[in-house]
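Engineer: The structure under discussion is supplied below as structure tokens; questions concerning it will follow.
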Amino acid sequence: MAKYPAVITTMAGTNTIAEANASKQALIFTKIVIGAGDMPASIPSATALTDKRLELAITKSVKTGDGQFMVQGLLSNKNLEAGFYAREIGLMAKAGENGQEVLFSYTNGGNYVDYIPDKNTPMDSYTFTITTVIGNAEKVQAIVSDNGLASAHDLNAIIQKVDNIITNVDTVEMLAKAPSLQLVKTLLSLLNIKNADDVIKAIVDKKESDLGIRYDFTNPNAWYICLGKLLGNFIIQGGNNLVRGNKEATITLPISYRKFFIPVSNPEYDSIHKFNINMVSMYSGMDGLNKVHLTTDVWGDSDVDKEIYCWWLTVGI
């Protein structure tokens, strides 16, 4: 693990603070520079790194208070031609947008630093953090790049925040961490949704109402299903009625067809009275699209007036 002493402000840095204050402009930190050189003879007099190897865009900046300012940069070796020991760290700054860029502060880790391999040896991105003294600088800012990759530390911090919000614990504390959770909770309460079963039921009900799917199987003697607009509003209706031999029965359908329908019937054979059914017919008659007539003809039995169970079915639109 690399160890760096606190950065020291150079004379050029001190002068830049004075220049920024005098001209009512901001002190602007522009980038971080990394080098492999030894400690200069005098850090306050230094104007550049002894052996600069890399420049890092600033990815984060914070005014920490007590006359200090923190910046971070993300180091990647994907374009590095030759490996080196990252001994030197410098922070560049300028007074105002058009000011001259100078070495604002500097530190050197000597032999307590990490080796940065060249691009042929992939490495995880490494975050350099510099906290520098800005003294009486009135306006301070940094040029922050939004093109950098997030470090593992940054991602873990985000994941931790999300973990603190996503929870199945419904408490005042959790609602305070996620204000949108309260909104969702309110909306769900209006829909009478309390659990996963309620969610599935709401989806099914919505789908059925939007597509025109309807059905009622509560009465086995008169049931129907409408398959909805995706299937042309096709309707199937069926039931069971008692019809006397050589008599006619009128059946009112559970729902009315809109255009036409085809009636079908299937009588049950009466094994007790030995009905010999000659014909069963079913027709819609002139009553419209919601009635059918059942007739039966029997022969060969004296009990022709007995009741026959007749299952019927209609299909149409």
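Engineer: Kindly establish whether LYS119 is among the basic types (Lys, Arg) and over 18 Å from ALA137 (Cβ atoms).
Structural biologist: For LYS119, the condition - among the basic types (Lys, Arg) and over 18 Å from ALA137 (Cβ atoms) - is met.
Engineer: I need the full set of residues from the range 111-122 which are assigned to a loop (DSSP other than H, G, I, E, B) and buried (at least 17 other Cβ atoms within 10 Å of the Cβ), in order please.
Structural biologist: Hit for the range 111-122 is VAL113, nothing else.
Engineer: Would you point out the residue of the range 76-107, among those that are of a type in the set (S, T, N, Q) and open to solvent by less than 10 Å² (accessible area, probe 1.4 Å), that is nearest to TYR4 (Cα to Cα)?
Structural biologist: THR107
Engineer: A further question on this structure: Is there a residue in the range 75-91 that is among the hydroxyl-bearing types (Ser, Thr, Tyr), at pLDDT 95 or above and assigned to a strand (DSSP E or B)?
Structural biologist: yes
Engineer: Related question: Which strands (runs of 3 or more DSSP E) sit wholly inside the range 211-255 and have at least 2 residues that are in contact with a Lys or Arg (Cβ under 8 Å, 6 or more places away or on another chain)?
Structural biologist: Those strands (runs of 3 or more DSSP E) span 222-226, 248-252.
Engineer: Among the candidates MET92, MET123, MET70, which residue alone is hydrophobic (A, V, I, L, M, F, W, C) and farther than 17 Å from THR10 by Cα?
Structural biologist: Step by step, each of MET92, MET123, MET70 is checked, and only MET123 is hydrophobic (A, V, I, L, M, F, W, C) and farther than 17 Å from THR10 by Cα.
Engineer: Does PHE84 satisfy the condition of being in contact (Cβ under 8 Å) with a residue 24 or more places away in the chain, in contact with a Leu (Cβ under 6 Å, 6 or more places away or on another chain) and aromatic (Phe, Trp, Tyr)?
Structural biologist: It is false that PHE84 is in contact (Cβ under 8 Å) with a residue 24 or more places away in the chain, in contact with a Leu (Cβ under 6 Å, 6 or more places away or on another chain) and aromatic (Phe, Trp, Tyr).
The values are calculated or read from the model by the stated rules, or taken from the named source; none is laboratory data. Please read all numbers here as calculations on a predicted model, not as lab measurements. Glycine also receives a Cβ, built like all others from the backbone with ideal geometry; neighbour counts cover every protein chain displayed. Just so you know, the surface numbers come from the protein's heavy atoms only, side chains and all, with ligands and any DNA or RNA stripped out. Shrake-Rupley method; radii C 1.70, N 1.55, O 1.52, S 1.80 Å.
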